[in-house]
Amino acid sequence: MLPTVSLFGMRIHAIDLSTAVNAVLAWCDAEDSTCRYVVTPNVDHVVMYQSRDDLRSAYEGAELVLADGAPVVLASRLLRRGLPERVAGSDLVPALFDRVASDNNFAQRPLRVFLLGAAPGVAERAAHRIHHQWNNVAVVGTYSPPLGFEHDANENSLILEKIAAVKPDLILIGLGAPKQELWTHRHANQLSGKAALCIGATIDFLAGEKARSPRWMQRVGLEWFHRLAREPARLAKRYFHDAWIFPQLVWQEWRGCLGK
Ligand code: UDP
């Protein structure tokens with residue numbers, strides 16, 4: 001059993017990137033037909049989690065909960081429930097591919113990956129770049145579902161059929177939060193894959209469609225600032241709301257610690 005800490009009502013795995021890679025690759029090798037899934041909480045998830053039962057259920061169903069947000073890791077340390085490091089979905093995916101590319105066992109049987117999400121054409125571009133950059137990783141399917149697909153039973157069946165037709169090891173689900181977590185939780189039992197990762201904009205990053213922040217910004221916990229500067233119209237309201245609520249949640253947790 002991997003260690004966890006309890007933070008903001010969530011159970012978060014207290015593991016580093018390399019341990020997360022090992023866990024996901026072990027699922028890909030498992031004999032059973034379960035599709036285990038990963039969620040990656042950031043500040044916005046933490047805030048939504050407080051008021052959304054559906055998101056809480058999706059988190060409870062996840063096999064791994066990895067802290068994506070630097071402020072979440074910082075808060076864990078302030079609250080003396082230190083997480084070892086940030087494990088962002090957009091770092092986990094290339095780390096998994098790096099491991100697979102350097103592992104000869106995958107030369108015989110490449111890691112089969114399905115990309116679900118991002119705008120039309122983006123996942124295909126990501127697939128092209130993945131094949132170019134990583135040995136032993138085969139993108140066996142991509143699909144960009146239309147807006148509102150989650151409310152359309154036919155669309156949902158179509159997605160499940162597309163995945164079942166190619167039986168991937170790994171499904172990367174980039175539909176934004178909380179849609180990707182809710183969709184994955186609702187369909188986990190019908191997903192013909194071994195592992196599913198809810199990874200936000202990672203398909204865009206892999207395609208070169210969006211740029212990640214420079215390394216130094218990631219290191220000092222400012223990746224959110226870079227995203228805000230790139231997409232102010234979409235993110236400003238959300239970030240200001242979260243910046244108001246999140247410190248209050250940290251304060252409540254702190255007071256909770258004192259009361260124990
Ligand atoms: N997206 C999608 N279908 C949707 C909504 C979003 O494919 O119905 C994709 C979008 O194109 C982008 C990603 O989801 O690739 C959004 O990821 P991000 O982490 O930026 O979303 P957030 O969680 O910040 O809203």
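The values are calculated or read from the model by the stated rules, or taken from the named source; none is laboratory data. Every value quoted in this text rests on a predicted model; they were computed, and no experiment measured them. Note: ideal-geometry Cβ built from the backbone for every residue, glycine included; neighbour counts use all protein chains shown. Surface accessibility is based on the protein's heavy atoms, side chains included, excluding ligands, DNA and RNA. Shrake-Rupley method; radii C 1.70, N 1.55, O 1.52, S 1.80 Å.
Any idea which of A233, A211 is in a loop (DSSP other than H, G, I, E, B) and surrounded by fewer than 13 Cβ atoms within 10 Å (Cβ to Cβ)?
A211
May I ask you to list the residues in segment 102-137 that are in contact with a Leu (Cβ under 8 Å, 6 or more places away or on another chain) and small (G, A, S)?
G117, A123, A126, A127
Being of a type outside the set (V, I, T) and in contact with a strand residue (DSSP E or B) (Cβ under 8 Å, 6 or more places away or on another chain) narrows it down to one residue among L160, L111; which is it?
None of the others qualify; the one that does is L111.
Being open to solvent by less than 10 Å² (accessible area, probe 1.4 Å) and away from the ligand (no atom under 16 Å from the Cβ), is that true of even one residue in segment 179-192?
Yes.
Would you be able to tell me the number of residues in segment 151-170 that are polar (S, T, N, Q) and open to solvent by 30 Å² or more (accessible area, probe 1.4 Å)?
2
Looking at (1) in contact (Cβ under 8 Å) with a residue 40 or more places away in the chain; (2) within 11 Å of the ligand (Cβ to nearest atom); (3) open to solvent by 20 Å² or more (accessible area, probe 1.4 Å); (4) of a type outside the set (F, W, Y), which is the only condition I173 fails?
Among (1) in contact (Cβ under 8 Å) with a residue 40 or more places away in the chain; (2) within 11 Å of the ligand (Cβ to nearest atom); (3) open to solvent by 20 Å² or more (accessible area, probe 1.4 Å); (4) of a type outside the set (F, W, Y), I173 violates only (3).
Conditions first: (1) at pLDDT 95 or above; (2) farther than 21 Å from F205 by Cβ; (3) surrounded by fewer than 18 Cβ atoms within 10 Å (Cβ to Cβ). N105 passes all but one, so which condition is the exception?
(1)
H226 passes all but one of (1) within 28 Å of I171 (Cα to Cα); (2) assigned to a helix (DSSP H, G or I); (3) within 11 Å of the ligand (Cβ to nearest atom); (4) open to solvent by less than 60 Å² (accessible area, probe 1.4 Å); which number fails?
It is condition (3) that H226 fails.
V73 versus (1) away from the ligand (no atom under 16 Å from the Cβ); (2) more than 17 Å from Q180 (Cβ to Cβ); (3) open to solvent by 60 Å² or more (accessible area, probe 1.4 Å): which is the lone unmet condition?
With respect to (1) away from the ligand (no atom under 16 Å from the Cβ); (2) more than 17 Å from Q180 (Cβ to Cβ); (3) open to solvent by 60 Å² or more (accessible area, probe 1.4 Å), V73 is out only on (3).
Pick from segment 142-170 the residues that are part of a helix (DSSP H, G or I) and within 13 Å of the ligand (Cβ to nearest atom): which of them is farthest from H128 (Cα to Cα)?
H151
Any residue in segment 26-52 that's over 30 Å from Q248 (Cβ atoms): show its pairings with residues that are open to solvent by less than 30 Å² (accessible area, probe 1.4 Å) and assigned to a loop (DSSP other than H, G, I, E, B) at Cβ separation under 8 Å, as long as the two are six or more apart or on different chains.
Final answer for the pair search is C28/D169; C35/L191; C35/G193.
In segment 56-70, what residues are of a type outside the set (K, R) and either more than 13 Å from the ligand (Cβ to nearest atom) or surrounded by fewer than 21 Cβ atoms within 10 Å (Cβ to Cβ) (or both)?
S57, A58, Y59, E60, G61, A62, E63, L64, V65, L66, A67, A70
Considering only segment 57-81, state which residues are in a loop (DSSP other than H, G, I, E, B) and under 15 Å from the mean Cα position of the chain (by Cα).
A62, E63, L66, A67, D68, G69
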